[in-house]
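The next block holds one structure in the form of structure tokens; read it before the comments.
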Amino acid sequence: MKLLDTTFLIDMIKGMTSGGKKLVKDLDVSGPHCTTSINAHEFLVGAYGSSNLEREMKLRKDLIRKLIILNYDLECTEISAKIEADQRSKGEFIGRADIMIASIMLKNGLKEIVTRNHKHFSKIPNIIIETYEFN
């Protein structure tokens, strides 16, 4: 199972609303899909900037409901605290939300994330990044 990052979720919505753009090039996202409660939060926040809030929120909620949502818990806080401390000691802090997402992945034994945010996730050990093109 791969984790779908916020960038991927946003691009899926853009693809659905802009006349069927090809979203993924040579990307296998078969099987059950999951995301985190952190990604779901980021994804829904984006709807509030829309000129058509009701439509945008419905699209986003419909997509989220199709996914397995992995939550942030006490074990994740320990993992994310260690990642953040390690990053700070290297001078490479990447942002708390991405660290929290990575901790949820690691706690749940997930290795792969589908994202265009290679810069941040590449700095976290034991995470495999699957990128894609959005045309």
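What follows is calculated from the coordinates using simple rules that are stated; it is not laboratory data. All figures in this text were calculated on a predicted structure; none of them were measured in a lab. Note that we place each Cβ from the backbone using ideal geometry, even for glycine, and neighbour counts take in every protein chain shown.
Miscellaneous remarks
- Footprinting exposure proxy for 89, 80, 122 (fewest neighbouring C-beta atoms within 10 Å first): 89, 122, 80
- The Cβ shell under 11 Å around residue 5 holds other residues with a net charge of -3, Lys and Arg each +1, Asp and Glu each -1.
- For residue 126 and residue 48, the FRET efficiency from 1/(1 + (r/R0)^6), where r spans their Cβ atoms and R0 equals 30 Å, is about 0.35.
- Dipole magnitude for the chain: about 300 debye, using +1 per Lys or Arg Cβ and -1 per Asp or Glu Cβ, origin at the Cα centre.
- Size descriptor for the chain, Kirkwood hydrodynamic radius: 15.5 Å (Cα pairs only, one decimal).
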